[in-house]
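In what follows, a structure is listed as structure tokens, so that the remarks can point back to it.
The values are calculated or read from the model by the stated rules, or taken from the named source; none is laboratory data. Computed from a predicted model, the values in this text were never measured in an experiment. Ideal geometry is used to build each Cβ from the backbone, glycine not excepted, and the neighbour counts take in all protein chains shown. Accessible surface areas use protein heavy atoms only, side chains included; no ligands, DNA or RNA. Shrake-Rupley method; radii C 1.70, N 1.55, O 1.52, S 1.80 Å.
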Amino acid sequence: MKFDIKTLQAEIGKIDTIPTIPAIFKKMLAILENPKTSLSEISNFISNDPVLTSRVLKMVNSAVYGFPCRISSINQALLLLGLNAVRGLLLGISVFEAMQKTMLGLWDHALGTAIAGRIFATKKNLAEPDDVFVAALLHDIGKVILSLKFPADYQNVIQKVKEENLFIFEAEIEIFGITHADAGAWIAQKWNFPRNLIEAIEYHHRPELSKNVPMNTAVVHLADIFTRARGHGFTGDNFIPAINLHAWDRLNFSESDIREIFVQMEDSLQASESFSFSDE
């Protein structure tokens, strides 16, 4: 039986009351939910947590970002990335363990999609490729939220996917009446993320519905599918969705563009395969 949508949304909004979420994630909530949080406040928050400091510096100095010189301080990282990108990166880092527990390979898929998304965004000369990176990194955050809040029900989703050969969003609709994209958008809104990020998460399976950031959303959609097709990570199902024609037409990549993108993706994804926080 499906959940009542209003009740479901209210319950998801109480994510900070879940005792099993990582301690670092709980600390992040106060930062994320305050729209007036400044870069200096975020810098102080990160710097006071050795694990978080290590993870941020490890991420920005990895092949995932590919900065030409080594970044040695949190302040330097924040200035290079900007406030919105840093907030999203912190959330991705904070839920690393939760992603790993939700399903093996989900973090790898999220990171791969983020890498592919930046490549697409750069190819299209989009103004903020790091914002696209963050949207792609968090596009499946709703799976983590649903799994944390409703663990037994989400196991039923995963079981239904296996038994009935469904896409995971189809099984989510049957169990919850919503998809992980809806849940992800709700939680991103609660955490006061900018509209462009919320919309890319909400419509990454239906990019034609994006009104404010159709290019960013189209990029996240295509990056998700290309990363699935490459077999990087795991999304909860064994299928590759069809490319949305509206998104494909909007991006209008040529055949040579696609060849170049595949080469860049292959190099970057291979470099990212050794990236993990688990060896800390």
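Sorting the Cα pairs of region 145-280 by distance into bins of 10 Å, from 0 upward, gives 11, 33, 39, 17, 1 percent per bin.
Taking a Cβ cut-off of under 9 Å around LEU146, the surrounding Lys, Arg, Asp and Glu residues balance to a net charge of 0, with basic ones at +1 and acidic ones at -1. Restricting the calculation to alpha carbons of region 70-161 gives Rg and Dmax of 15.1, 47 angstrom.
For TYR203, the accessible surface of its heavy atoms amounts to roughly 40 Å² (probe 1.4 Å, protein chains only, rounded to the nearest 10). Pair-distance distribution of region 99-205: all C-alpha pairs, bin width 5 Å, starting at 0; shares per bin in whole percent are 2, 13, 21, 23, 19, 12, 6, 3, 0.
Reported value for region 90-139: 52 Å³ per residue, from the convex hull of its C-alpha atoms. For a quick check of understanding: with a 1.4 angstrom probe and all protein chains in place, what accessible area in square angstrom does PHE193 have, to the nearest ten? It works out to around 10 Å².
In terms of overall dimensions, the C-alpha atoms belonging to region 189-259 reach 36, 29, 16 Å along their principal axes, ordered largest to smallest. Could you work out the relative contact order of the chain, using alpha carbon pairs under 8 angstrom and six or more residues apart, expressed as a whole percent? For the chain, the relative contact order is 23 percent. Per the Debye formula on identical point scatterers at the alpha carbon atoms of region 1-104, with no solvent, log10 I(q)/I(0) at q = 0.14, 0.18, 0.23 Å⁻¹ is -0.62, -0.93, -1.31. For the set LYS6/LYS162; LYS58/LYS143; LYS101/LYS124; LYS58/LYS211; LYS27/LYS162, the pairs lying more than 32 angstrom apart at their alpha carbons are LYS101/LYS124; LYS58/LYS211; LYS27/LYS162. With the convex hull of its Cα atoms as the shape, region 147-191 has an orientation-averaged projected area of 3.0 nm².
For the pair GLU174 and GLU11, the difference between a 0.36 nm per residue extended length and the Cα-Cα distance amounts to 56.9 nm. What the Cα convex hull of region 22-177 gives, in volume per residue, is 131 Å³.
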